[in-house]
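Any read-out appearing in this document is the output of simple, stated calculations on the displayed coordinates, not a laboratory observation. Every value quoted in this text rests on a predicted model; they were computed, and no experiment measured them.
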Amino acid sequence: MPLYEYVCQECTHTFETLVFGSETPTCPACESAHLERQISVPAAPRTESAALPMKRCLSDGPPCGPACSRFPGS
Ligand SMILES: [Zn+2]
């Protein structure tokens, strides 16, 4: 059962939900289907963040690379 994190584009509500097959999730706050799936893997390339000098990484995960602000020794 895949668990995905979504951000509602209508009300910015963030939530996690299980998605079965081709089922389309909706926002539990406003029931909008206009959602953006969040990618929680630090190594996943994203065009918007590629131009940023530092990658953002999970606060409870390991540093995502030498440019990471959380890299030990930097
Ligand atoms: Zn919403």
* When the chain is fully extended, how far beyond the present Cα-Cα distance does Tyr4 get from Leu18, taking 0.36 nm per residue of separation? -> 4.4 nm
* To do: Sort region 1-41 into rounded, prolate or oblate with this rule: let a ≥ b ≥ c be the square roots of the eigenvalues of the Cα gyration tensor; rounded if a/c is under 1.5, and if a/c is not under 1.5, prolate when a/b is larger than b/c, oblate otherwise.
  => oblate
